[in-house]
1. Look through Val6, Val50, Val10 and report the one residue that is more than 24 Å from Ser88 (Cα to Cα), touching a Phe, Trp or Tyr at 6+ places or on another chain (Cβ under 7 Å) and either of a type in the set (Asp, Glu) or surrounded by 15 or more Cβ atoms within 10 Å (Cβ to Cβ) (or both).
2. What residue, of Leu126, Leu164, Leu192, is aliphatic (A, V, I, L, M) and touching a Lys or Arg at 6+ places or on another chain (Cβ under 8 Å)?
3. Which of the residues that make up the stretch 221-244 are in contact with a strand residue (DSSP E or B) (Cβ under 6 Å, 6 or more places away or on another chain) and touching a residue at least 24 places away in the same chain (Cβ under 8 Å)?
4. I need every pair where a residue in the stretch 84-97 that is closer than 10 Å to Arg153 by Cα has its Cβ under 8 Å from the Cβ of a residue that is loosely packed, with under 14 Cβ neighbours inside 10 Å and charged (D, E, K, R), sequence separation at least 6 or different chains.
5. Can you tell me which residue is surrounded by the most Cβ atoms within 10 Å (Cβ to Cβ) among those in the stretch 95-138 that are among the β-branched types (Val, Ile, Thr) and part of a helix (DSSP H, G or I)?
6. Can you pull out every residue in the stretch 199-244 that is closer than 23 Å to Ile9 by Cα, among the small types (Gly, Ala, Ser) and surrounded by 14 or more Cβ atoms within 10 Å (Cβ to Cβ)?
7. Quick one: is Phe92 modelled with pLDDT of 90 or more and either in a helix (DSSP H, G or I) or touching a strand residue (DSSP E or B) at 6+ places or on another chain (Cβ under 8 Å) (or both)?
8. For the stretch 64-89, enumerate the residues that are within 30 Å of Ile141 (Cβ to Cβ) and either assigned to a strand (DSSP E or B) or over 20 Å from the mean Cα position of the chain (by Cα) (or both).
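The values are calculated or read from the model by the stated rules, or taken from the named source; none is laboratory data. All figures in this text were calculated on a predicted structure; none of them were measured in a lab. Neighbour counts run over all protein chains shown; Cβ positions are idealised from the backbone, glycine included.
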Amino acid sequence: MSIISVKNIVTKFGNSLVHDGLNLEINEGEIYGLLGPSGCGKTTLLREMVMLQEYSSGSINILGYNLNNLHHSDAQSLRRQWGVLFQSGALFSSLTLAENIALGLDEYTDLNKKMKEEIVSFKINLVGLKQSDAKLYPSQISGGMKKKAALARALALDPKLLFLDEPTSGLDPISARDFDSLILKLRELLGLSIVMVSHDLKSIYDTLDKIAVIDNKKIIYEGSLKNIKDETSEFIQTFFKANL
């Protein structure tokens, strides 16, 4: 069943055309990858899906909501049903990890302090952090811990959908593979559907069920990795060369 439908998306920044009629379908339970060369608009499309950026024309339908004509209350309801992990983690430096993770709970729920603390504690365990890490600030932890804390924040409201922008970027190889394993485990445990932007070839092969490749403002391939070898695109041939 389709959980996200992107139809004829056109994105312009002034006179610059970024997307020229993108179409894709993401099914429930999939880990779906957005791939392409730098500057092709992968993260832009991700931001459009989570309503952080407007597109010029076309439509995006997520979880039964058409983003073109959302009322404020529907937009708020939709935001509660997804979590977002930004490339840098985007943790607030002045807040502890526990306070960062609780932000969505503070914004979207009326839960009491004890309930919020219990949820934060559970999410910290879920992503593989220690309870003692909760009191630390982002400046006191490693890059891998920042990613996990940001992931815990993205999971705080028990979302159906998870959006990940370059989740293994900046991590050493061991931490990156650890993060890939965590994503697969969370999909299994929580029944998540996941949309991921990635350049990490190992992560792409280890985690993704389906991909869309954006190049020259269009989607030049959508499907499984097992069929990618048949494509003649210069980007695809170069990017996947070691595995074709």
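1. Details: Val6 fails: touching a Phe, Trp or Tyr at 6+ places or on another chain (Cβ under 7 Å); Val50 fails: more than 24 Å from Ser88 (Cα to Cα).
Exactly one residue qualifies, and that residue is Val10.
2. Working: Leu126 fails: touching a Lys or Arg at 6+ places or on another chain (Cβ under 8 Å); Leu164 fails: touching a Lys or Arg at 6+ places or on another chain (Cβ under 8 Å).
On inspection, the qualifying residue turns out to be Leu192.
3. Glu222, Phe235
4. Every condition considered, the pairs that remain are Leu97/Lys135.
5. Filtering the stretch 95-138 for residues among the β-branched types (Val, Ile, Thr) gives 96, 101, 109, 119-120, 124, 127.
Filter once more, keeping what is part of a helix (DSSP H, G or I): 101, 119-120, 124.
Working: Ile101: 28, Ile119: 21, Val120: 22, Ile124: 21.
Out of the qualifying residues, it is Ile101.
6. Matches in the stretch 199-244: Ala212, Ser233.
7. Numbers: modelled with pLDDT of 90 or more: yes; either in a helix (DSSP H, G or I) or touching a strand residue (DSSP E or B) at 6+ places or on another chain (Cβ under 8 Å) (or both): no.
No; evaluated as a whole, the condition is false for this residue.
8. Quick first cut of the stretch 64-89, residues within 30 Å of Ile141 (Cβ to Cβ) only: 79-89.
Listed by number, the residues that qualify are Trp82, Gly83, Val84, Leu85.
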